[in-house]
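Okay, so here's the structure we're looking at.
The values are calculated or read from the model by the stated rules, or taken from the named source; none is laboratory data. All of these numbers come straight from a predicted model, not from anything done at the bench. Cβ placement follows ideal geometry from the backbone for every residue including glycine, while neighbour counts extend to all protein chains displayed.
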Amino acid sequence: MTSKRAFTLVELLVVIAIIALLMAILMPVLSKAKEQARDIVCRSNLRQYGIAATMYLEDNEHAFPPTHTYLFTSDWSTCQWHDKARWATVNGPMWPYLKDKNIHLCPSFRSIAKNRGQKHPWHDPQIPVEPQYGYSMNAHLGPFQAAWEAATGHFKKVTQIRHPANVFFFSEENIWPIWGMSVTVLNDTNLWIGPPYDDSGYDFFATFHNPTRGNLDKGTCNTVFIDGHAEKLVLMDGTLPEAKEKAWEVAWPAYPASPIDYPPLEE
Ligand SMILES: [Zn+2]
Ligand SMILES: [Zn+2]
């Protein structure tokens with residue numbers, strides 16, 4: 001009775017079931033690890049942006065670059081972030097400091113943009129979706145503030161910023177709007193965070209890093225601050241009003257003073 005003992009069908013099925021179970025346990029862990037690696041690369045990109053900005057400020061009498069035209073001297077088009085042809089003509093005043101082509105694309109953003117890029121608002125189907133950059137600059141800095149008269153020209157120079165470690169310089173935007181949070185999406189290079197009490201339609205920080213239960217509307221993004229340190233920004237872990245208040249706190253250089261009460265600064 002010492003014949004070769006083979007697996008019975010039941011045993012084989014049990015083994016397959018165990019392997020499937022292990023896979024189910026491991027897959028989220030692996031994808032989480034992958035996202036953590038991408039998140040680190042993104043922060044390192046923004047740290048490079050911070051170094052470039054510091055050099056730019058030193059060479060330009062501490063004056064911030066214009067938010068709409070620091071990369072492209074002609075103003076925005078909705079699809080420029082994925083327009084390879086436009087990227088070939090990049091010639092803005094900050095470009096000489098940002099010439100390393102590897103620092104403009106967050107790896108998480110790159111893969112999300114490939115899936116969702118065709119569906120972003122005001123997309124021109126003539127322009128192929130080849131993501132070129134994913135970072136944009138705090139709209140409250142620099143010489144040009146479109147449309148919002150109350151804030152025009154408040155903060156032209158880095159020497160006017162009282163707390164450079166608390167005010168973001170560059171960050172990420174989604175390519176889809178989130179109800180109650182943002183109206184516009186990544187289009188130009190201007191990231192325009194509005195005060196939480198104003199719903200008239202602003203940009204908002206990205207939410208696709210480390211998404212809670214895979215929900216890309218409920219994650220984090222990365223930012224680099226004026227002092228050059230890069231940080232993960234956690235905004236969606238609260239109710240909507242709290243997230244908007246936190247966003248305003250890192251965007252408006254005179255927080256908590258209201259922009260309406262805030263007189264223009266001397267240069
Ligand atoms: Zn990123
Ligand atoms: Zn487009």
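In segment 26-73, the qualifying residues are those that are over 19 Å from Gly228 (Cβ atoms) and among the basic types (Lys, Arg), and the one that is modelled with the highest pLDDT is Arg38. The number of residues in segment 140-159 being modelled with pLDDT of 75 or more and among the aliphatic types (A, V, I, L, M) comes to 2. Return a yes/no flag: does segment 228-239 have any residue that is over 26 Å from Val29 (Cβ atoms) and surrounded by 18 or more Cβ atoms within 10 Å (Cβ to Cβ). No, segment 228-239 contains no residue that is over 26 Å from Val29 (Cβ atoms) and surrounded by 18 or more Cβ atoms within 10 Å (Cβ to Cβ). Residue-level check: of (1) hydroxyl-bearing (Ser, Thr, Tyr); (2) over 21 Å from Ala206 (Cβ atoms); (3) assigned to a loop (DSSP other than H, G, I, E, B), Thr159 misses just (3). Contact annotation: residue pairs with Cβ atoms under 6 Å, 6 or more positions apart or on different chains, pairing a residue in segment 77-88 that is in a loop (DSSP other than H, G, I, E, B) with a partner that is near ligand 2 (Cβ under 8 Å from one of its atoms), are Thr78/Trp122; Cys79/Asp124; Cys79/Ile127; Asp83/Ile127.
Evaluating Ile193 against the criteria (1) modelled with pLDDT under 95; (2) over 29 Å from Gln80 (Cα atoms) leaves one unmet condition, (2). In segment 116-142, the residues that are under 30 Å from Arg162 (Cα atoms) reach residues that are among the basic types (Lys, Arg) with C-beta atoms within less than 7 angstrom, at least six apart or across chains, in these pairs: Gly142/Lys156. Here Val10 passes the criteria (1) on the phi > 0 side of the Ramachandran plot; (2) of a type outside the set (Gly, Ala, Ser); (3) loosely packed, with under 10 Cβ neighbours inside 10 Å except the one numbered (1). Just to check your reading of the model, which residue among Phe64, Phe109 is within 16 Å of ligand 2 (Cβ to nearest atom), in contact with a strand residue (DSSP E or B) (Cβ under 9 Å, 6 or more places away or on another chain), closer than 30 Å to Asp188 by Cα and touching a residue at least 24 places away in the same chain (Cβ under 8 Å)? On inspection, the qualifying residue turns out to be Phe109.
The residues listed here are Glu35, Glu61, Glu11; of these, the one that is part of a loop (DSSP other than H, G, I, E, B) and among the acidic types (Asp, Glu) is Glu61.
Give the residues of segment 91-106 that are free of Cβ contacts under 8 Å to residues at least 24 places away in the same chain and farther than 28 Å from Ala37 by Cβ, sorted by residue number. Asn91, Pro96 - these are the residues of segment 91-106 that are free of Cβ contacts under 8 Å to residues at least 24 places away in the same chain and farther than 28 Å from Ala37 by Cβ.
Considering only residues in segment 62-81 that are within 23 Å of Gly117 (Cα to Cα) and among the small types (Gly, Ala, Ser), the one that is surrounded by the most Cβ atoms within 10 Å (Cβ to Cβ) turns out to be Ser77.
Just one of the listed residues (Pro96, Pro121, Pro128) is surrounded by fewer than 15 Cβ atoms within 10 Å (Cβ to Cβ) and outside any loop (DSSP other than H, G, I, E, B), namely Pro96.
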